[in-house]
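Any read-out appearing in this document is the output of simple, stated calculations on the displayed coordinates, not a laboratory observation. Computed from a predicted model, the values in this text were never measured in an experiment. Cβ placement follows ideal geometry from the backbone for every residue including glycine, while neighbour counts extend to all protein chains displayed.
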Amino acid sequence: MMTSLRPAAVAFDAIASTFDSRFGGWLSVSAQRRAVRDALLREFPKAGQILEVGGGTGEDASFLAERGYQVLLTDASPTMVDLARIKLGPQGARAEVAAAEEMQSFAAQHFAAGGKRFDGVFSNFAPLNCVDDLSLVARGLSQLLNPGAPAMLVLFGTLCPGEIVTEVLRVRHRLALRRLKRGEAPAKLAKREFHVFYHRKREMVRAFAPWFVLERRIGIGIAVPPSAAEPWISRHPHLLNVMETLDRGLAGPLAMLGDHVLYQFRRTNVPAPQ
């Protein structure tokens, strides 16, 4: 099975069993996750049917399911999906293996099985940065979403002062400006190599038109540092609390400086491609 997975999926599949224990305790991750969840709760209709793309082990899907949403998680990693099913099963939420690039074929399977369109979709912590051609994602999501549904997509920011400072202090200068790179950028996880793509706003808008319109961007982790600052920042919770408070005021005007950026799209009435 592993040979059929894309390189990024192979890398994340390799760390799936330790993913929650590795990242779950980091306070910077929790702070950024809270900011995203607040935005999701503001935009998703109560008790709506929600699709997650690149949901990993199901942390955010579980959060929404506990609040009455009907959630279907998708992820390219079979092991991540297996773990998510265990976590989500008691809450009635579901998880299926599907890569973001394959949303069109997933849509066909979903509807063939009697599935309905979704009231919203989200993707957290940048799985879409592993996708080169985002129009493939947009085409599939246009088929899966009801007109007017929000698409809440969190990608890496392309100019993150927090990462620049952190990497310089750690004397890893080659990583300090990596997000400025155009095209594919090398990445490695669990000794597995793959590529990431630091998508710009213009690229996002072009890829998702005409089926989606960008309403706003929300900066996630402007003062709150990136995970590269761990575990140091988790040892200073009071400082992190101040940073999280600052983020709430800076999220709109300085969105482009976030460690992550939440792109809030809205599904238009333009018919989905066949």
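Some points to look at:
- ARG182 versus ARG202: modelled label distance in nm, points set 7 Å from Cα along the beta carbon direction: 0.9 nm
- Among the trypsin sites (Lys or Arg not before Pro) in the stretch 1-99, those located in a DSSP loop and surrounded by at most 11 other Cβ atoms within 10 Å of their own Cβ are LYS46.
- Among CYS130, CYS160, the ranking by other beta carbons within 10 Å of each residue's beta carbon, starting with the fewest, stands as CYS130, CYS160.
- Relative to the longest principal axis of the Cα atoms of the chain, the long axis of helix 134-144 makes an angle of roughly 40 degrees.
- Sequence-separation-based contact order of the stretch 2-264, relative, with Cα cut under 8 Å and 6+ spacing, percent: 21 percent
- Contour excess over end-to-end distance, with Cα ends at SER4 and LEU169 and 0.36 nm allotted per residue: 55.5 nm
- Put simply, the Cα atoms of the stretch 81-238 extend 54, 39, 33 Å along their principal axes, the longest span coming first.
- Bridgeable lysines around LYS116 (alpha carbons under 26 Å apart, same-chain partners fewer than 8 residues away excluded): LYS46, LYS87.
- Straight-line cross-link partners of LYS191 among the aspartates and glutamates, defined as a Cα under 14 Å from its Cα and at least 8 positions apart when in the same chain: ASP13.
- For the stretch 84-108 versus the stretch 232-274, the gap between their alpha-carbon centres in whole angstrom: 25 Å
- When the inverse distances between all different Cα atoms of the stretch 58-116 are averaged and flipped, the Kirkwood radius reads 11.8 angstrom.
- Take the Cα of LYS46, step 7 Å toward its Cβ, do the same at SER21, and the gap between the two points is 4.0 nm.
- Estimated FRET transfer efficiency when R0 is 45 angstrom, pair ARG235-ILE86 (beta carbons, to 0.05): 0.90
- Debye equation applied to the C-alpha atoms of the chain, log10 I(q)/I(0) at 0.14 Å⁻¹: -1.00
- Pairs of Cα atoms in the stretch 88-145 fall into 5 Å distance bins, from 0 up to the last occupied one, in shares of 4, 17, 25, 27, 17, 8, 2, 0 percent.
- Dipole in debye (nearest 20) - the chain, about Cα centre, beta carbon charges: Lys, Arg +1; Asp, Glu -1: 500 debye
- Using every pair of separate Cα atoms, the Kirkwood estimate puts the hydrodynamic radius of the stretch 116-173 at 13.7 angstrom.
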